[in-house]
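What follows is calculated from the coordinates using simple rules that are stated; it is not laboratory data. All values derive from a computational prediction rather than experimental measurement. Cβ atoms come from the backbone with ideal geometry, glycine included; neighbour counts cover every protein chain shown.
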Ligand code: ZN
């Protein structure tokens with residue numbers, strides 16, 4: 001399917017028609033989590049944003065290789081070149097082996113992504129599994145003269161780099177701006193300039209996670225893993241690089257510099273950044289006591305939460321905003337999202353029971369065109385959702401006998417819901433979050449048994465089925481056309 005799909009490119013600051021390097025194939029790299037704590041909203045947003053990009057491009061018949069890394073070494077506490085490794089610190093505090101921390105939080109991240117119905121990426125490489133590739137890249141950068149070694153650490157020489165390539169093209173900062181925002185070098189510093197960053201760090205005696213290198217025992221700089229792993233799996237230049245806006249500087253800027261310095265070419269054609277999340281209007285932070293992890297949302301077990309919110313409510317809520325806008329989480333907005341989501345899913349169930357008429361009184365072709373146009377406009381999920389709600393209104397009017405659809409239009413609206421709700425937005429009924437139609441199939445079976453019971457004048461059984469379903473929150477309604485059910 002050849003469509004003109006536009007992507008907002010952070011690098012050029014405009015929407016561009018998406019053209020992959022290799023026809024029909026897309027390489028996409030997204031920065032994944034540093035696995036040292038429970039998954040939270042800050043993980044849910046990029047997870048869901050790029051899941052929808054992945055799903056839509058696949059729907060358009062591209063073969064997509066989606067690479068999302070796991071950072072399990074080299075991410076220091078203060079994101080600069082000092083402080084303790086985040087994973088090693090957690091390991092020290094909990095008296096565990098760093099790889100126990102990595103394993104534990106990788107599994108909880110995977111569980112959270114599965115709960116949110118995010119498809120697994122094609123490849124999920126780990127920093128510690130690619131130390132050799134990172135050392136090789138550091139060696140190449142040194143050879144090209146864009147880095148220098150001091151006391152077992154290697155730094156990228158940003159001033160030198162800036163003579164050949166513009167440093168700061170992604171974030172729109174120039175070198176002077178960057179210098180102003182950087183702390184002055186103290187007399188102890190080994191760096192030539194405060195803007196230089198470590199691509200390999202010497203391990204101090206107490207540093208646990210360490211590997212041998214040509215410069216002695218050490219560990220890679222945090223930015224290095226994404227450059228090395230994206231090149232390994234997607235090539236020197238690939239199509240899409242995604243991540244949260246907070247990673248744009250210094251992380252992504254550093255990735256661009258490392259790749260240019262190593263390969264003399266820009267690593268990425270389209271940079272995509274999702275915006276940030278606030279809770280009750282404030283940035284999330286442990287000290288503000290508004291740091292709510294995903295499991296707490298799912299169980300309601302946090303003092304800021306009035307009750308539990310299902311993974312699909314969180315997913316729907318995130319998709320109600322465009323990925324480049326900020327979102328604010330509050331109990332009210334989540335409850336509103338939950339209502340909207342239930343309405344959408346109920347209409348989806350109702351469609352299955354609708355009967356075709358001789359003529360159509362609604363324009364379903366336009367609805368389909370509008371849905372695609374929304375996704376082709378930089379993955380505009382809120383606009384898509386508003387079109388789907390036009391679909392909900394049509395479905396409910398047909399149910400009430402106010403509108404009608406002929407056979408082919410009825411098939412079309414069914415396929416619109418299946419394509420956009422399930423396949424592209426990845427929304428499934430909460431009782432069915434494994435993504436298949438098991439609930440529907442079971443309900444069809446239960447309703448068939450009830451109809452048979454009624455035919456056999458076994459009204460006790462028919463009533464029992466109705467009452468028991470009601471206890472589970474499922475309401476059934478009999479009408480001339482048959483029996484409908486919905487989750488209340
Ligand atoms: Zn990264």
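Model label points for residue 459 and residue 276, set 7 angstrom from Cα along the Cα-to-Cβ axis, are 6.4 nm apart.
What shape does the stretch 264-358 have by the C-alpha gyration tensor, where a ≥ b ≥ c are the square roots of the eigenvalues, rounded means a/c under 1.5, and otherwise prolate means a/b greater than b/c and oblate the rest? Before the final figure, lay out the partial values.
Numbers: a/c = 2.89, a/b = 1.23, b/c = 2.34.
Oblate, since a/c reaches 1.5 and b/c is not below a/b.
If R0 is taken as 56 Å, the Cβ-Cβ distance between residue 38 and residue 176 corresponds to a FRET efficiency of 0.90. Label 7 Å along Cα→Cβ of residue 355; the stretch 447-482 residues with amide nitrogen under 13 Å? Taking a point 7 Å out along Cα→Cβ of residue 355, the residues of the stretch 447-482 whose backbone N falls under 13 Å are 479-482.
Once the piece of chain linking residue 397 and residue 82 is laid out straight, how much longer is it, given 0.36 nm per residue of separation minus the C-alpha distance between them?
Separation in residues times 0.36 nm, less the Cα-Cα distance, equals 107.1 nm.
Remark: the Cα gyration tensor places the stretch 6-274 in the oblate category, a/c being 1.5 or greater and a/b not exceeding b/c.
Here the calculated FRET efficiency for residue 165 and residue 383, from their Cβ-Cβ distance with R0 = 41 Å, stands at 0.65, rounded to the nearest 0.05.
Going 7 Å from the Cα of residue 303 along its beta-carbon direction, which residues of the stretch 255-282 have the amide nitrogen within less than 12 Å of the resulting point? Hits in the stretch 255-282 for residue 303 at 12 Å: none. Taking every alpha-carbon pair under 8 Å whose residues sit at least 6 apart, the stretch 278-424 reaches a relative contact order of 23 percent. One chain, two ends: residue 288 and residue 92. Fully extended at 0.36 nm per residue, the span grows by 68.1 nm beyond their Cα-Cα distance. Model label points for residue 192 and residue 246, set 7 angstrom from Cα along the Cα-to-Cβ axis, are 3.3 nm apart.
Given Cα pairs under 8 Å that are at least 6 residues apart, what percent is the relative contact order of the stretch 176-268? Walk me through the numbers before you get to the answer.
On the way: 79 pairs, mean separation 18.8, N = 93.
RCO, the stretch 176-268: 20 percent.
Rounded to the nearest 500, the 222 nm mean residue ellipticity of the chain from helices alone is -13500 deg cm²/dmol, with -39,500 (n - 2.57) taken per DSSP H run of at least 4 residues.
Among 262, 226, 362, what is the fewest-to-most ranking by other Cβ atoms within 10 Å?
Numbers: 262 25, 226 29, 362 19.
Fewest to most other Cβ atoms nearby, the residues stand as 362, 262, 226.
Between residue 149 and residue 363, the C-beta separation translates, for a Förster distance of 60 Å, into a calculated FRET efficiency of about 0.35. Counting 0.36 nm for each residue step from residue 486 to residue 4 and taking away their Cα separation leaves a gain of 169.7 nm.
With neighbour counts taken as other beta-carbon atoms within 10 Å, the residues 447, 41, 288 rank, fewest first, as 288, 447, 41. Site pair residue 325 and residue 470 shows an inter-label distance of 4.0 nm when each label is modelled 7 Å from Cα along Cα→Cβ.
Give the relative contact order (percent, whole number) for the chain; include only Cα pairs under 8 Å separated by 6+ residues.
On the way: 745 pairs, mean separation 77.5, N = 488.
16 percent.
Going from the fewest other Cβ atoms within 10 Å to the most, the residues 211, 485 appear in the order 211, 485. Taking a ≥ b ≥ c as the square roots of the eigenvalues of the Cα gyration tensor, the chain is prolate, since a/c reaches 1.5 or more and a/b is larger than b/c.
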